[in-house]
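Data first, discussion second: the structure below is written as structure tokens.
The values are calculated or read from the model by the stated rules, or taken from the named source; none is laboratory data. Values in this document were obtained by computation on a predicted structure and should not be read as measured data. Cβ placement follows ideal geometry from the backbone for every residue including glycine, while neighbour counts extend to all protein chains displayed. Remember, those area values only see protein heavy atoms, side chains included, never the ligands or the DNA or RNA. Shrake-Rupley method; radii C 1.70, N 1.55, O 1.52, S 1.80 Å.
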Amino acid sequence: MLGTDDINQIAVELYESERQKNPVNNFVDKYPQLDEASAYKVQEKLIEIKSSRENTKRVGHKLGLTSKAKQNMMGVHEPSYGVLLESMQKYEGDPISLSGSIHAKIEPEIAFIFNKEIKGPAVTVAEVMEATSYVMPALEIIDSRFHGFSFTLPDAVSDNSSSSLFMIGERFQRLDDLDLRLTGMVLKKNGEIMSTATAANVMGHPARAISWLANKLYKVGQSIQTGEIVLSGSILAAETIEPGDHFSVSFDRLGSVEITFTE
Ligand code: 0L1
Ligand code: MG
């Protein structure tokens with residue numbers, strides 16, 4: 001476990017890297033004790049710094065590395081999580097400037113909102129379904145503060161799981177008899193289909209990712225709060241973005257969400 005001074009130092013360097021759009025080297029080389037538990041402490045400190053300096057607050061959580069493809073790519077066997085701040089949320093129709101990011105990428109996801117607290121240690125998929133008020137289509141814009149988007153898991157966790165911005169569609173869909181595993185989606189870039197998939201890519205069922213999050217948060221004394229937004233983790237590999245690009249994701253029965261990027 002890393003000491004408090006080192007935890008604070010890494011958090012400050014990550015904050016400055018994002019602010020100045022100046023990528024940094026991986027921290028695991030300089031700090032070999034940066035294990036997963038220490039990395040979540042760095043993330044907590046980074047969020048504390050951002051919240052106070054930017055006068056913002058937590059509105060939810062994001063999951064990362066929830067698909068087997070992304071886990072295999074990183075050589076890990078479980079997802080990661082990060083915090084969503086109010087300042088990261090964009091709304092439909094907002095053009096998004098790439099000037100605020102280092103090397104942004106985009107991911108299609110499903111967003112959940114809950115009608116009660118979800119607290120571990122043993123939350124099941126059924127309990128997540130029971131607590132879900134609505135699901136919505138979502139696009140997450142990720143960015144990494146590391147050179148070349150290249151990092152180890154503790155580096156990425158420290159970096160708030162590569163968070164940047166997110167947008168959720170404003171059609172709030174109740175789960176009712178929806179089979180989320182089979183919910184199909186089409187991702188388009190500049191009007192052309194880039195990929196299609198079903199939400200089963202996310203751990204077999206996106207609600208399984210939410211139960212993993214609740215049980216993982218329990219270990220650090222936290223829970224998912226009523227009304228918080230949770231992003232399921234990407235259904236597909238992240239796509240790179242160029243200025244002028246327009247992306248849309250459309251889901252069966254959930255509706256769609258779209259973003260245009262400017263310079
Ligand atoms: O939202 C994500 O899936 C990002 C997780 C962190 C690792 C990455 O940047 O791919
Ligand atoms: Mg994501």
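If the convex hull of the alpha-carbon atoms of the range 195-263 is projected onto planes in all directions, what is the mean projected area in square nanometres?
Over all viewing directions, the range 195-263 projects a mean Cα-hull area of 6.5 nm².
Step through the table entries K45/K68; K62/K105; K116/K189; K21/K57; K50/K116; K21/K45, compare each Cα-Cα distance with 25 Å, and write down the pairs that go over it. Don't skip to the end; give the middle numbers.
On the way: K45/K68 29 Å; K62/K105 15 Å; K116/K189 36 Å; K21/K57 22 Å; K50/K116 27 Å; K21/K45 19 Å.
K45/K68; K116/K189; K50/K116, as the Cα separations exceed 25 Å there.
Got a sec to turn the phi values of the range 34-44 into Karplus ³J(HN,Hα) couplings, 6.51 cos²θ - 1.76 cosθ + 1.60 with θ = phi - 60°, whole Hz, x for Gly and Pro?
6, 8, 4, 5, 5, 5, 5, 5, 4, 4, 4
What ³J(HN,Hα) values, in whole Hz, does the Karplus curve 6.51 cos²θ - 1.76 cosθ + 1.60 give for the range 180-191 when θ = phi - 60°, with x put for Gly and Pro?
Each residue of the range 180-191 in turn: 4, 4, 9, 5, x, 9, 10, 9, 10, 10, 6, x Hz.
What three numbers, in Å, describe the spread of the alpha carbons of the range 179-234 along their principal axes, ordered from the longest?
For the range 179-234, the Cα spread along each principal axis is 45, 22, 17 Å.
Got a sec to turn the phi values of the range 62-70 into Karplus ³J(HN,Hα) couplings, 6.51 cos²θ - 1.76 cosθ + 1.60 with θ = phi - 60°, whole Hz, x for Gly and Pro?
10, 9, x, 6, 8, 9, 4, 4, 6
Looking at the range 56-262, what % of its DSSP beta bridges pair antiparallel, to the nearest 5? Intermediate results must be reported in sequence, preceding the final value.
Working: 45 of 52 bridges.
Once the DSSP bridges in the range 56-262 are tallied, antiparallel ones form about 85 percent.
Of all accessible surface on the chain at a 1.4 Å probe, what whole percent is carbon and sulfur?
47
Output needed: percent of Cα pairs per 10 Å distance bin for the range 56-262, bins running from 0 to the one holding the longest distance.
The calculated distribution, bin by bin, is 9, 39, 39, 13, 1.
List the GluC sites (Glu not before Pro) within the range 131-202 that fall in a DSSP loop (any state other than H, G, I, E or B) and whose Cβ has at most 12 other Cβ atoms within 10 Å.
Sparse-neighbourhood loop GluC sites (Glu not before Pro): E170.
Which values, in whole Å and largest first, are the semi-axes of the equivalent ellipsoid of the range 85-172 obtained as the square root of 5 times each eigenvalue of the Cα gyration tensor?
Semi-axes (√(5λ), whole Å): 27, 19, 9.
Can you give the relative contact order of the chain as a percent, counting alpha carbon pairs under 8 Å and 6+ residues apart?
The value is 27 percent.
Please give the charge dipole size of the range 116-263, origin at the Cα centre, charges +1 on K and R Cβ atoms and -1 on D and E Cβ atoms. Round to the nearest 20 debye.
Working: 12 positive and 19 negative charges, 102 e Å.
It comes to approximately 480 debye.
Can you give the helix-only mean residue ellipticity at 222 nm for the chain, where every DSSP H stretch with n ≥ 4 adds -39500 (n - 2.57) and the sum goes over all residues, rounded to the nearest 500 deg cm²/dmol?
-8000 deg cm²/dmol
Based on the alpha carbon coordinates of the range 1-77, what radius of gyration and maximum Cα-Cα distance (Dmax) apply, in Å?
Using the Cα atoms of the range 1-77, the pair Rg, Dmax is 13.9, 37 Å.
How much area per residue is accessible in the chain when the probe is 1.4 Å and only protein heavy atoms are counted (Å²)? Don't skip to the end; give the middle numbers.
Values: 11400 Å² over 263 residues.
I get 43 Å² per residue for the chain.
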